[in-house]
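Down below is the structure, laid out as structure tokens.
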Amino acid sequence: MHREQTKIVKIGDRVIGGGNPVLIQSMTNTRTEDVEATAAQILRLEQAGCEIIRVTVPTKEAAEALREIKKRIHIPLVADIHFDYKMAIAAIENGADKIRINPGNIGGKEKVAAVIAAARERNIPIRVGVNSGSLEKELVEKYHGVTAEGIVESAMDKVHMIEALNYDNLVISIKSSDVLMCVRAHEVLARQTNYPLHVGITESGTLYSGNIKSAVGLGIILYQGIGDTIRVSLTGDPVEEIKSAKLLLRTLGLRKGGIEVVSCPTCGRTKIDLIGLAGQVETMAAEFPLDIKVAVMGCAVNGPGEAKEADIGIAGGDGEGLLIKRGEIVRKVPEDQLLMTLREELANWGK
């Protein structure tokens, strides 16, 4: 398992690598210069379960805003830098817990060296990021197109550039919107380095397509023991990224805690609004810090049997439903009271 052997890197008060838990990241979509909006969004993300947050730093004002944002949040703050090495230095000086750079687009070795000097002074980790869309022309020609091997060579070239400056407080990120290329690239990279890896499927798409692509790609990568921190990149509210990441890690057995909601796909026997009810249960379940399984079933025919592996469940009927605990029917409940009854049971769970 590669994850067990990766180098430990400290980001603020969190650590990744060395077999530590895979941490969940997201990125704000506010203007970083707007301290109020950015801090408010980060606090929402924290509440959802975000453990590391990244913000873009395109201007001096954005870099200066980091200092005030940090005062208002409780998780490590990562500065995302493109093109201007001065922004990387300014972000470090204003308290960034980590910076993300592509050494190939910030202006040459001297400027990279200036960034490394600032990071070394405060022992700030650097995430070396390479995307398939920004692969160097020479590597595209060498590999006859954009390939997993080319992405890895590009990333390792950047790593070696920083290592030559006697700095190794690094995290590597290689991303592609091509899911299988991204999987292959991580498999190749994991054999070449022991730096911790930030894993994600870039430009994966909307809530629907992005979740499917991310689940496939990240699922394969993480299941192989590769990856120390993840972001599920979605076009939408970043809180959705956190929900998806948590479920992905729980499904792979890499995270415990939180209610798992299972529900049947509905059929002609269903006489209640099961789709709406299941959605309400999933939203409600997020309120309770319980490590249990809750089943939402559409009918009383198969409901008790299908819910046997769940700790508690409800099954719809005709105007009424069943409350089920570990496969045993506890009592009948009027349909309009099913959700309230389940809430009461969860609120009193273990008491």
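Total residues in the stretch 128-142 satisfying the condition of being assigned to a helix (DSSP H, G or I) and under 29 Å from the mean Cα position of the chain (by Cα): the figure is 3. Annotation note: of Ile151, Ile124, the sole residue that is within 17 Å of Ile99 (Cα to Cα) and in contact with a strand residue (DSSP E or B) (Cβ under 8 Å, 6 or more places away or on another chain) is Ile124. Taking each residue of the stretch 99-118 that is open to solvent by 40 Å² or more (accessible area, probe 1.4 Å) and looking for partners that are in a helix (DSSP H, G or I) with beta-carbon atoms closer than 6 Å, six or more apart or interchain, yields Gly107/Tyr85; Lys111/Tyr85. Residue pairs whose Cβ atoms lie under 8 Å apart, sitting 6 or more positions apart in sequence or on different chains, and linking a residue in the stretch 275-290 that is at pLDDT 85 or above to a partner that is exposed (fewer than 15 other Cβ atoms within 10 Å of the Cβ) and in a helix (DSSP H, G or I), are Phe288/Ala347. Of all the residues that make up the stretch 303-345, how many are assigned to a helix (DSSP H, G or I), hydrophobic (A, V, I, L, M, F, W, C) and crowded, with 20+ Cβ neighbours inside 10 Å? Residues meeting the conditions: 2.
The set of residues from the stretch 16-48 being β-branched (Val, Ile, Thr) and more than 24 Å from Lys243 (Cβ to Cβ) comprises just one member, Val35.
Conditions (1) surrounded by 23 or more Cβ atoms within 10 Å (Cβ to Cβ); (2) in contact (Cβ under 8 Å) with a residue 60 or more places away in the chain, marked per residue:
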residue: Asp34; (1), (2): no, no
residue: Thr38; (1), (2): yes, no
residue: Glu46; (1), (2): no, no
residue: Gly49; (1), (2): no, yes
residue: Glu61; (1), (2): no, no
residue: Glu64; (1), (2): no, no
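Residue count for the stretch 266-278 under the criterion of being open to solvent by less than 60 Å² (accessible area, probe 1.4 Å) and hydrophobic (A, V, I, L, M, F, W, C): the result is 4.
For the stretch 241-265, the tally of residues that are assigned to a helix (DSSP H, G or I), surrounded by fewer than 21 Cβ atoms within 10 Å (Cβ to Cβ) and in contact with a strand residue (DSSP E or B) (Cβ under 6 Å, 6 or more places away or on another chain) stands at 0. Scanning the stretch 123-144 for residues that are surrounded by fewer than 18 Cβ atoms within 10 Å (Cβ to Cβ), charged (D, E, K, R) and either over 19 Å from Val159 (Cα atoms) or touching a His at 6+ places or on another chain (Cβ under 8 Å) (or both) yields Glu141, Lys142.
Would you check if Ile226 is modelled with pLDDT of 95 or more, outside any loop (DSSP other than H, G, I, E, B) and open to solvent by less than 40 Å² (accessible area, probe 1.4 Å)? Here the answer is no, as Ile226 does not meet what is asked. Determine, yes or no, whether Asp237 is farther than 30 Å from Ala113 by Cβ and either under 14 Å from the mean Cα position of the chain (by Cα) or open to solvent by 10 Å² or more (accessible area, probe 1.4 Å) (or both). When the stated conditions are applied, Asp237 passes them. Contact map, the stretch 69-96: first residue more than 17 Å from Glu51 (Cβ to Cβ), second residue surrounded by fewer than 21 Cβ atoms within 10 Å (Cβ to Cβ) and among the acidic types (Asp, Glu), Cβ cut-off under 7 Å, separation 6 or more or different chains; pairs are Asn94/Glu64. Which residues, taken from the stretch 300-342, are modelled with pLDDT of 80 or more and small (Gly, Ala, Ser)? Within the stretch 300-342, Ala310, Gly313, Ala315, Gly321 qualify.
Pairing residues of the stretch 183-212 that are among the polar types (S, T, N, Q) with residues that are surrounded by fewer than 18 Cβ atoms within 10 Å (Cβ to Cβ) and modelled with pLDDT of 95 or more, at Cβ distances under 6 Å and at least 6 apart in sequence or on separate chains, gives Asn194/Lys7. Looking only at the stretch 194-202, decide whether some residue is modelled with pLDDT of 90 or more and open to solvent by 50 Å² or more (accessible area, probe 1.4 Å). Taking every residue of the stretch 194-202 in turn, at least one turns out to be modelled with pLDDT of 90 or more and open to solvent by 50 Å² or more (accessible area, probe 1.4 Å). Being of a type outside the set (Lys, Arg), outside any helix (DSSP H, G or I) and buried (at least 19 other Cβ atoms within 10 Å of the Cβ) is a property that holds for Ala96. Within the stretch 236-274, the residues that satisfy the criterion of being at pLDDT below 90 and over 30 Å from Glu320 (Cβ atoms) are Gly236, Arg255, Lys256, Gly257. Residue pairs whose Cβ atoms lie under 9 Å apart, separated by 6 or more positions or on different chains, with the first residue in the stretch 143-154 and part of a helix (DSSP H, G or I) and the second surrounded by 23 or more Cβ atoms within 10 Å (Cβ to Cβ) and among the β-branched types (Val, Ile, Thr), are Ala148/Ile174; Ile151/Val130; Ile151/Ile174; Val152/Val130; Val152/Ile174; Ser154/Val130; Ser154/Ile174. Since Phe83 meets every condition but one in (1) on the phi < 0 side of the Ramachandran plot; (2) in contact with a helix residue (DSSP H, G or I) (Cβ under 6 Å, 6 or more places away or on another chain); (3) loosely packed, with under 15 Cβ neighbours inside 10 Å, which condition does it not meet? Looking at each condition in turn, Phe83 falls short on (1).
The values are calculated or read from the model by the stated rules, or taken from the named source; none is laboratory data. All values reported here derive from a predicted model rather than from experimental measurement. Cβ sites come from the backbone with ideal geometry, for glycine too, and all protein chains shown count toward neighbours. Keep in mind that these areas ignore ligands, DNA and RNA; they rest on the heavy atoms of the full protein, side chains included. Shrake-Rupley method; radii C 1.70, N 1.55, O 1.52, S 1.80 Å.
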